[in-house]
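Trainee: So that we are looking at the same thing, I have put the structure below in structure tokens.
The values are calculated or read from the model by the stated rules, or taken from the named source; none is laboratory data. Keep in mind that what you see is a predicted model, and the values were worked out from it rather than measured. Every residue, glycine among them, receives a Cβ derived from its backbone with ideal geometry; neighbour counts consider all protein chains shown.
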Amino acid sequence: MKAIILCAGFGTRLYPYTQNKPKALLCVKGKTLLDLLVDNINQIDEIDEIVIVSNKKFFGDFFDYKKVLDTDKKVTVLNDGVMDNEHRLGAVRDLKFAMDRMGWGNKHELMVLAGDNWFDFSLKDFFNFYVEHGRNSTVFGQTKKDPKILRAGAVAILDKNGLVKDLEEKPLEPKSDFAVGPFYIYNKSSAGAVGLFLADKSNSADAPGSYPAWLVKHYCSPSSSHPLYAWDIKDKHFLDIGTREAFENVDEIIDNFNRPEISLSK
């Protein structure tokens, strides 16, 4: 299995903190967000390689930081060639860019991770869920009651076994209260279908959740031979550090996790 960390965003809502530093290299509770991801990936023996997708503006920052990452796994930093937010490729195109540049096609299972979030669950537990469910493609999520949170991300309808029956990115009217986060495990078959998704120009390539939502409708339907499952993180935490105010208060928010509902993305 390979890990792809998507770090090609420009973090414009976090200015001035991200004007000259990528969001994934901001520190939260004494660690960069990238360190948190790599520390977790290190616990998964089956992952033998990490690819970090950067943009042109911050490529040098990631290339230099690669030298101090604490990992025995092979690490590659890629430059998607984009210099400003207005011309960004979007998460799904950056995924395809990484797969093409590495020559992977549908040869490998992929763990795809957004590089700009804080979390306290184990990626090894996420991986174990994937294995236990037949190595079928997997997303993660959590029950949320706040409609603003549900409308801002992806929302899934699940059966009692965690099978995803429907998944919608940024729904105006959420059909459930299960919010899906931007970490995914794609088996070889689902990883290989990303080109089909991008071939349809009506599909949005910006939000990472748009691809698994498409998979459920066109490729990984509940009745297909390769369904999509969702792992419930239950009482663990996942924070989208999307704004300047969120970043300025993140340490305090993490210290007060006894509060049931926290939104950082808006």
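Trainee: Take Ser221 and tell me if it is farther than 15 Å from Lys144 by Cβ, part of a loop (DSSP other than H, G, I, E, B) and either modelled with pLDDT of 85 or more or of a type in the set (S, T, N, Q) (or both). Break it down into steps so the answer makes sense when it comes.
Mentor: Numbers: farther than 15 Å from Lys144 by Cβ: yes; part of a loop (DSSP other than H, G, I, E, B): yes; either modelled with pLDDT of 85 or more or of a type in the set (S, T, N, Q) (or both): yes.
In short, yes.
Trainee: Something else about it: From the set of residues in the range 7-17 that are within 19 Å of the chain's Cα centre (by Cα) and under 12 Å from Ile241 (Cβ atoms), which is surrounded by the fewest Cβ atoms within 10 Å (Cβ to Cβ)?
Mentor: So the first thing to find is which residues in the range 7-17 are within 19 Å of the chain's Cα centre (by Cα), and the list is 7-14.
Pick out the ones that are also under 12 Å from Ile241 (Cβ atoms) and you get 9, 11, 13-14.
Working: Gly9: 25, Gly11: 23, Arg13: 17, Leu14: 22.
Selected residue: Arg13.
Trainee: Which condition from (1) farther than 20 Å from Tyr130 by Cβ; (2) surrounded by 15 or more Cβ atoms within 10 Å (Cβ to Cβ); (3) modelled with pLDDT of 85 or more is the one that His237 breaks?
Mentor: Against the list (1) farther than 20 Å from Tyr130 by Cβ; (2) surrounded by 15 or more Cβ atoms within 10 Å (Cβ to Cβ); (3) modelled with pLDDT of 85 or more, His237 comes up short only on (2).
Trainee: Could you list, in sequence order, all residues of the range 148-163 that are of a type outside the set (Asp, Glu), exposed (fewer than 15 other Cβ atoms within 10 Å of the Cβ) and either touching a residue at least 40 places away in the same chain (Cβ under 8 Å) or touching a strand residue (DSSP E or B) at 6+ places or on another chain (Cβ under 9 Å) (or both)?
Mentor: Initially, the range 148-163 is screened for residues of a type outside the set (Asp, Glu), giving 148-158, 160-163.
Adding the requirement that they be exposed (fewer than 15 other Cβ atoms within 10 Å of the Cβ) leaves 148, 160-161.
Matches in the range 148-163: Lys148, Asn161.
Trainee: Of the residues that sit in the range 60-73 and are among the basic types (Lys, Arg) and under 20 Å from the mean Cα position of the chain (by Cα), which one is nearest to Gln43 (Cα to Cα)? Step through it out loud before you land on a result.
Mentor: Of the range 60-73, the ones among the basic types (Lys, Arg) are 66-67, 73.
Restricting the remaining residues to those that are under 20 Å from the mean Cα position of the chain (by Cα) gives 66, 73.
Working: Lys66: 18, Lys73: 11 Å.
In this case the residue turns out to be Lys73.
Trainee: Would you check if there is a residue in the range 152-162 being in contact with a Leu (Cβ under 9 Å, 6 or more places away or on another chain) and not hydrophobic (A, V, I, L, M, F, W, C)? Steps first, please.
Mentor: Within the range 152-162, the subset in contact with a Leu (Cβ under 9 Å, 6 or more places away or on another chain) is 154-157.
Of the ones still in play, those that are also not hydrophobic (A, V, I, L, M, F, W, C) are none.
Within the range 152-162, none of the residues are in contact with a Leu (Cβ under 9 Å, 6 or more places away or on another chain) and not hydrophobic (A, V, I, L, M, F, W, C).
Trainee: On to the next question. Looking only at the range 20-27, decide whether some residue is at pLDDT 95 or above, under 27 Å from Leu196 (Cβ atoms) and not small (Gly, Ala, Ser).
Mentor: Within the range 20-27, none of the residues are at pLDDT 95 or above, under 27 Å from Leu196 (Cβ atoms) and not small (Gly, Ala, Ser).
A quick yes/no check of all residues on (1) within 11 Å of the chain's Cα centre (by Cα); (2) among the aromatic types (Phe, Trp, Tyr):
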| position | (1), (2) |
| --- | --- |
| Arg93 | no, no |
| Lys96 | no, no |
| Trp104 | no, yes |
| Met111 | yes, no |
| Asn117 | yes, no |
| Asp120 | no, no |
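Trainee: Report whether or not Phe127 is in a strand (DSSP E or B) and either modelled with pLDDT under 95 or among the aromatic types (Phe, Trp, Tyr) (or both).
Mentor: On the way: in a strand (DSSP E or B): no; either modelled with pLDDT under 95 or among the aromatic types (Phe, Trp, Tyr) (or both): yes.
So Phe127 fails the test.
Trainee: Looking only at the range 133-183, count how many residues are closer than 25 Å to Ala205 by Cβ and in contact with a Ser or Thr (Cβ under 7 Å, 6 or more places away or on another chain).
Mentor: Of the residues in that region, 9 qualify.
Trainee: Also, I was wondering about something else. Can you confirm whether Val180 is surrounded by 19 or more Cβ atoms within 10 Å (Cβ to Cβ), at pLDDT 90 or above, among the hydrophobic types (A, V, I, L, M, F, W, C) and farther than 24 Å from Ala24 by Cα? Steps first, answer last, please.
Mentor: Numbers: surrounded by 19 or more Cβ atoms within 10 Å (Cβ to Cβ): yes; at pLDDT 90 or above: yes; among the hydrophobic types (A, V, I, L, M, F, W, C): yes; farther than 24 Å from Ala24 by Cα: no.
The answer is no for Val180.
Trainee: Tell me which strands (runs of 3 or more DSSP E) are completely within the range 1-114 and hold 1 or more residues being aromatic (Phe, Trp, Tyr), or say none if there are none. Let's see the steps before the verdict.
Mentor: Working: elements: 2-7, 49-54, 74-79, 110-114.
So the answer is none; nothing clears 1.
Trainee: Determine whether the range 102-124 contains at least one residue that is at pLDDT 95 or above, closer than 24 Å to Ala205 by Cβ and among the charged types (D, E, K, R).
Mentor: Yes, the range 102-124 contains at least one residue that is at pLDDT 95 or above, closer than 24 Å to Ala205 by Cβ and among the charged types (D, E, K, R).
Trainee: Out of Lys170, Lys201, Lys145, which single residue is surrounded by fewer than 23 Cβ atoms within 10 Å (Cβ to Cβ) and on the phi > 0 side of the Ramachandran plot?
Mentor: Values: Lys201 fails: on the phi > 0 side of the Ramachandran plot; Lys145 fails: on the phi > 0 side of the Ramachandran plot.
None of the other options fit; the residue is Lys170.
Trainee: Moving on to the next point. Taking Tyr184 as meeting all but one of (1) in contact with a helix residue (DSSP H, G or I) (Cβ under 7 Å, 6 or more places away or on another chain); (2) over 18 Å from His218 (Cα atoms); (3) not acidic (Asp, Glu), write down the number of the exception.
Mentor: Looking at each condition in turn, Tyr184 falls short on (2).
Trainee: Consider only pairs whose beta carbons are under 6 Å apart and that are at least six residues apart or on different chains; among these, list those whose first residue lies in the range 192-203 and is within 18 Å of Arg101 (Cα to Cα) and whose second residue is outside any helix (DSSP H, G or I) and among the hydroxyl-bearing types (Ser, Thr, Tyr).
Mentor: Ala193/Tyr219
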